[in-house]
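I have placed the structure first, in the form of structure tokens, so that the comments after it can refer back to it.
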Amino acid sequence: MSRGLKRRVLLWTWCLIIGVAVFANCQRQTVEPVALAPEDMCAYCKMAISEKRYAAELIDSEGQAFKFDDIGCLVNFIKNRKNATKIVAYFVIDFDERQWTNADDAYYVHSSELATPMNGGIIAFKNQSKAREAVDRYHGKLIRFEDLFNLKG
């Protein structure tokens, strides 16, 4: 192999390696919820997050997690946001299972009979049938994530 051909092969190899590395970094990375710690405070109302089953959080494009003690606080925080940092993920705690679930996929129950930490009156479920049971139990309304921002009060 001639010296010029070797150089071209080496150059193309490096270009391929760099291209693959750049492409791999462009792939959408999975964002995971950040675990709640006993000392966590709500990013909106500044109260301690004491009842996990009502909690929510969002993660911005810089990887910062904003935690909330009530789904209503998450909603108010988003409505009143002043900064332009992009939000990349929303999570809520499943009311029954007390585990994080993607907020976009969750089913919500809104009811004045629910005594949530900041009186948001909203609980979340990963499972639609569990949410429907809660609608009957608390005389509420079944809604989805995008509906949270249209609630009155």
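The values are calculated or read from the model by the stated rules, or taken from the named source; none is laboratory data. Remember, it's a predicted structure, so these values are computed and weren't measured experimentally. Cβ: placed from backbone, ideal geometry, glycine included. Neighbour counts: every protein chain shown. The area values use the complete protein model at the heavy-atom level, side chains included, leaving out ligands, DNA and RNA. Shrake-Rupley method; radii C 1.70, N 1.55, O 1.52, S 1.80 Å.
All conditions in (1) at pLDDT below 95; (2) open to solvent by less than 80 Å² (accessible area, probe 1.4 Å) hold for G153, with the sole exception of (2). With respect to (1) open to solvent by less than 80 Å² (accessible area, probe 1.4 Å); (2) farther than 21 Å from G120 by Cα, the lone exception for K82 is condition (1). Scanning for something at pLDDT 95 or above, part of a helix (DSSP H, G or I) and over 15 Å from F68 (Cβ atoms), does the range 101-122 turn up at least one residue? The answer is no; no qualifying residue exists.
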